[in-house]
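This report refers to the structure that appears directly beneath it.
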Amino acid sequence: MRETYAAPLPGMNLAELPGKLIVIEGTDGVGRSTQIRLLRPWLEQQGRAVLDTAIKRSELAGKGIQQAKEGHTLGRITLSLFYATDFADRLEHEIVPALRAGFVVLTDRYIYSLMARAIVRGADPRWIRNAYGFALKPDAIFYLRTGVDDLIPRVVFSRGFDYWESGMDIHPSEDMYDSFRKYQTELLAEFERLAKEYNFEIIDATPDVRTVFEHLRTGVARVLSGEPREPLFSVATPPPGEPLEAAAKRVLEMPAPTRPAASTPEEAPPLDQPLARAVDGDATK
Amino acid sequence: MKRYGEHRFPGKLFVVEGIDGSGKSTQLMLLHQWLQAEGYGVVFSEWNSSPLVRETTKRGKKKQTLTPSTFSLIHATDFADRMEHNILPLLKAGAVVLCDRYIYTAFGRDVVRGMDPQWVRELYSFAVKPTAAFYFRVPLDVAMKRILEGRSGVKFYEAGLDLGLSEDPEESFGIFQGRILDEYEKMVPEYDLTTVDATRPIEEQQTYMRQIVKAKLAQAKRLRVAP
């Protein structure tokens, strides 16, 4: 039986939804859609039927949101609710039918990006959590994590700064670059809070596309095989019988993370891949 | 983000509520004319009238793809747009704002459609608490008679045909409105709605409304824009 975060929608049968709901989250320009483009054929080769969906793709509200964003009178609460309409439409008309038919649903962002954006724009966190309370709990949430310093070259060398992705609606006095930096920093901090609350599986998005894909693929394969998730911090579970002080000492003596602090949010999990990165990903293509 | 009841503005907000055929729009129109004649700066805002979401609502209604959730959310979007761009700034500027239907309409309809009552109430928690909310209480058969005599038919969502209560539009409309009426009755104590007996003569109801509005505006003489 699938679960929702709060009261489910009327008439939604949560039983018999054998498909898998896999969320790819991450901020603007981090490479989510590139990864989904790679995941889809990989899954299909294994004989899995895939539905991929993304924000603003609903039949009902996609066009309306686009038009509203092109104007200049869109209020923040209005925008949040318009997105919620889009999400509900896709949930009921796309995601749930696909899960019922046994599809793997790959969703490019889910409620978390929408919550982060709303909160950064001043929405009451309680209010936005309630609004999305009817959302299905996914089978896994992969968060492509990056820092703002890694993000900037990606965005500059691909599509350039976008008005909304730069938060120009909330930092209008800044130029695009300053506004982007400020807004994305706030957004990434909010994602970190959500990562803890909703138990995201964190994937380091700073290496090249192939490396990120390999990590993601391993995670997705594990979800599909139904194996439990490995703990992110192996040190968190001490060997049986280890005294508390010894465990604490062992944790304290662990080597510090090797990544430069400027580009990593605090408490980054240890990564087993080289951390050198450049603008060699999808951003340059 | 301020929540219901936390807003403090110089303007005043009066809203009318009730099922279709309760006569609330007629009463609001009469109140509007009187306030203007009295020299107040008055602005009127109607449910489901935001140009921003009009196309989306139209698409959903035409194709009948609206579900209880999207029906609820699209109307909340519409309301938010009017709240952010119309009602809030006007109240800050000291206007008298009149709303034909308000959040209580959503609480009634959406809950009858199966949405969680607490969810809908929290969804609209950004709304300003009205200075007075008039609820036009009318028996179902009286309202039905008024509606069905005056119109050629009722629309799909208006009749609640999406709920599958009955194949017959009129019968469905009756059941749907009856359930909304029950929800309104629950809201009267919950939100301290000012009840108006909508079976009384029109002038009598209007006199009662004006008395209440006048008392609320007594301490706000400066809202007058003309002598």
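The values are calculated or read from the model by the stated rules, or taken from the named source; none is laboratory data. Everything numeric in this text was worked out from a predicted model, so none of it was measured. So basically every Cβ, Gly included, is an ideal-geometry build from the backbone, and we count neighbours across all protein chains shown.
Here is how the numbers come out for the structure above:
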read-out: Among (1) within 14 Å of chain A (Cβ to nearest Cβ); (2) touching a Ser or Thr at 6+ places or on another chain (Cβ under 7 Å), the one test that B:LEU13 misses; value: (1)
read-out: Unmet criterion (only one of (1) among the aromatic types (Phe, Trp, Tyr); (2) more than 18 Å from A:THR4 (Cα to Cα); (3) more than 8 Å from chain B (Cβ to nearest Cβ)) for A:TYR112; value: (2)
read-out: Counted residues, segment B:88-132 - those being in contact with a Ser or Thr (Cβ under 6 Å, 6 or more places away or on another chain) and either assigned to a helix (DSSP H, G or I) or within 9 Å of chain A (Cβ to nearest Cβ) (or both); value: 2
read-out: Some residue of segment B:2-9 being in contact (Cβ under 8 Å) with a residue 12 or more places away in the chain, closer than 26 Å to B:ARG200 by Cα and of a type in the set (Phe, Trp, Tyr); value: no
read-out: Enumeration of residues in segment A:1-20 that are in contact (Cβ under 8 Å) with a residue 12 or more places away in the chain and either crowded, with 24+ Cβ neighbours inside 10 Å or within 14 Å of another protein chain (Cβ to nearest Cβ) (or both); value: A:THR4, A:TYR5, A:ALA6, A:ALA7, A:PRO8, A:LEU9, A:MET12
read-out: Close pairs from segment A:42-70: first within 17 Å of A:PHE103 (Cβ to Cβ), partner assigned to a helix (DSSP H, G or I) and charged (D, E, K, R), Cβ under 7 Å, at least 6 apart; value: A:TRP42/A:ARG217; A:VAL50/A:ARG40; A:VAL50/A:GLU44; A:LEU51/A:GLU94; A:ASP52/A:ARG40; A:THR53/A:ARG90; A:THR53/A:GLU94; A:ARG57/A:ARG90
read-out: Residue tally, condition in a loop (DSSP other than H, G, I, E, B) and closer than 30 Å to A:PHE180 by Cα, over segment A:1-48; value: 5
read-out: Filter result (more than 17 Å from B:SER50 (Cα to Cα) and among the basic types (Lys, Arg)) within segment A:47-86; value: A:ARG48, A:LYS56, A:ARG57
read-out: Residues being part of a loop (DSSP other than H, G, I, E, B) and either surrounded by 24 or more Cβ atoms within 10 Å (Cβ to Cβ) or facing chain A (nearest Cβ under 10 Å) (or both) - total across segment B:41-83; value: 7
read-out: Test result for B:LYS129, of a type in the set (Lys, Arg) and within 30 Å of A:ALA6 (Cβ to Cβ); value: yes
read-out: Residues within segment A:75-92 that are in contact (Cβ under 8 Å) with a residue 24 or more places away in the chain and at the interface with another protein chain (Cβ under 7 Å from one of its Cβ atoms), tallied; value: 7
read-out: Flag if A:ARG210 is modelled with pLDDT of 95 or more, assigned to a helix (DSSP H, G or I) and within 24 Å of A:ALA116 (Cα to Cα); value: no
read-out: Selection count where residues are surrounded by fewer than 21 Cβ atoms within 10 Å (Cβ to Cβ) and farther than 17 Å from A:GLY122 by Cβ, scope segment A:175-187; value: 5
read-out: Index of the failed condition, B:PHE14 passing every other in (1) under 28 Å from B:GLY150 (Cα atoms); (2) in a helix (DSSP H, G or I); value: (2)
